[in-house]
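Visitor: Please find one structure pasted underneath; my questions will follow.
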Amino acid sequence: MLLQFNFKNFKSFRDDTTLDLSATKISEYSERVISVAHEKVLPVAAIFGANAHGKSNVLEALRYMHTYVIQSFDFGGDNENKKTRKSFYKPTPFLFDDNSKDAESSFEVYFIDSEELGAKTYNYGFTINNEGVNEEWLNYKTKSSRGDFKRVFYRNESDCELDLSGLPSKIQENITLSLQKEALIVSLGAKLNIPKLKHIRDWFLNNEFADFGRPVENLFLSSLIPYNFAEDKSVRDKVIKYFSTFDSSIIDFDVEIIKSDKDDGDDKIKIDAVHKMVGTDKTAKIPLQNESSGTLKMFALYPMLQDVLDVGGVFFIDELNARLHPLLVRAFLITFLDTEINKNHAQLVFTTHDSWQLNGNGLRRDEIWFTEKDTDGVSTLYSLADFVDEDGVKIRKDENYEKNYLLGKYGAIPTLKYFDMFKEE
């Protein structure tokens, strides 16, 4: 489970920024807090904010770290291999400041294993600039430890320091010989099948990302289908059951596999949604791509939702509310909040403009986050549980969060001006 994400100097976030999924000592909805080892962890974090104030950049920072951990082994290399290697994935720092635009960016996570895996807590992070990785570190502590973390490795390119003391000596030699400036030790170690490092890489692999604010990614996501959907009727039956919770008009899917003329295995799958016709036992078929955008979005969400629920991963969704009714968004949230459904402690981190979700019967104060951008273009991220009003008083649990948010009490709303440019002179 994700405990905390820290980052700095990424896009509109110039300064140290923290998204914390550790539960605070507040009383509401205590039954949904998950206890693992000595930690109290939240299943959900919702990020609100005005357009262009940085809420998507929080998820972009997480996605950058995710992508770099998984792919950095393929970056850089010697001259012979450069043609087959991927381009170095440079970070995007805060560009409106002479100091930050040339400074390194930093990314760090704290996460905890399930009880079945020993409930170890890991601290992993790195700093990076336009030339490559500068620092990288991995620490851990066991379930029984209440003290400091133990080091697995530490790397500092500026000081020419490489401490691999938490790894076997033979592995230390392999990493020292193979490590490139653009690559992370975790990525290299995973490729070398080093269990401790592969475990960290796999934690990132178990997480899912979806950005419904990007048309290209939206189109790509709508083409995804659940694993074995075409071959296994029981998988399709599960999807039908999922759809029946919000659209009872779809009673089945008709799937046709169109074989490729070539031997490349590039078969096509044609999917029709089956609807019951009015006043008869007959059915009608509609190509899935002709269904509503909301239906297509729910179809796109299903495979990733199934995966994170199965492995206890984290689902990061930008603009969860886009094209979905607020009650449907709430039903999606309940999937993560209900411990009978979410048995493996999967988590959901999402951005939204839907202020209805702020109503007091939905989210805890520490599950509600806001982003706000100042006049210098610098974004900040803060929790409602930590927010204090102009009198220095914290927000009470019986307040009307939605009303107060729209009134501007918590910040993170647009500064509106009427469109006077359309007035006739």
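We did not get these values from a lab; they are worked out from the coordinates using the rules stated. None of the values given here were measured: they were computed from a predicted structure. All Cβ positions, even for glycine, are placed from backbone atoms using ideal geometry, and neighbour counts span all protein chains on display.
Visitor: Here are a few candidate values for semi-axes √(5λ) of the Cα gyration tensor in Å: [x] 52, 34, 19; [y] 36, 31, 24; [z] 38, 25, 18. Which one was actually calculated from the structure I just gave you?
Guide: [y]
Visitor: At 0.36 nm per residue, minus the direct Cα-Cα distance, what do Asp16 and Thr280 gain on full extension? Give it in nm, one decimal, please. Don't skip to the end; give the middle numbers.
Guide: Working: separation 264, 0.36 × 264 = 95.04 nm, distance 6.23 nm.
Full-extension gain reported as 88.8 nm.
Visitor: For the range 69-212, state the average projected area of the convex hull of the C-alpha atoms over all orientations, rounded to one decimal in nm².
Guide: Mean projected area of the Cα convex hull: 11.6 nm².
Visitor: Given a Förster radius of 25 Å and the C-beta distance between Ser260 and Lys233 as r, what FRET efficiency does 1/(1 + (r/R0)^6) yield to the nearest 0.05?
Guide: My answer for the efficiency is 0.60.
Visitor: Here's another thing I want to ask about it. Place a point 7 Å from the Cα of Lys343 along the Cα-to-Cβ direction; which residues of the range 306-336 have their backbone N under 19 Å from it?
Guide: 306-314, 334-336
Visitor: A further question follows. Starting from the Cα of Asn51, step 7 Å along the direction of its Cβ; do the same at Lys394; then give the gap between the two resulting points in nm.
Guide: Here the modelled spin labels are 3.5 nm apart.
Visitor: Which value, in nm² and rounded to one decimal, describes the direction-averaged projected area of the C-alpha convex hull of the range 227-294?
Guide: Mean projected area for the range 227-294: 5.8 nm², to one decimal.
Visitor: Another question about this same structure. Suppose the chain between Asn290 and Asn359 were pulled fully straight at 0.36 nm per residue; how much longer would it get relative to their current alpha carbon spacing?
Guide: Gain on extension, Asn290 to Asn359, equals 21.4 nm.
Visitor: Quick check on the chain: helices-only [θ] at 222 nm, where DSSP H runs of length 4 and up contribute -39,500 (n - 2.57) each and the sum goes over total residues. Nearest 500, please.
Guide: Value at 222 nm, helices only: -7500 deg cm²/dmol.
Visitor: Okay, moving on. Evaluate 2.2 N^0.38 Å with N set to the residue count of the range 322-394, then give the Cα radius of gyration divided by it.
Guide: 1.32
Visitor: Can I ask one more? Just to be sure I understand: of the beta bridges DSSP finds with both ends in the range 1-140, what percent are antiparallel, rounded to 5?
Guide: 95 percent
Visitor: Given 10 °C and 1.306 mPa s, how large is the Stokes-Einstein diffusion coefficient of the range 256-406 in µm²/s, with Rh as the Kirkwood radius over Cα pairs?
Guide: 83 µm²/s
Visitor: Same structure, new question: In whole angstrom, how far apart do the alpha carbon centroids of the range 284-316 and the range 362-382 sit?
Guide: 28 Å
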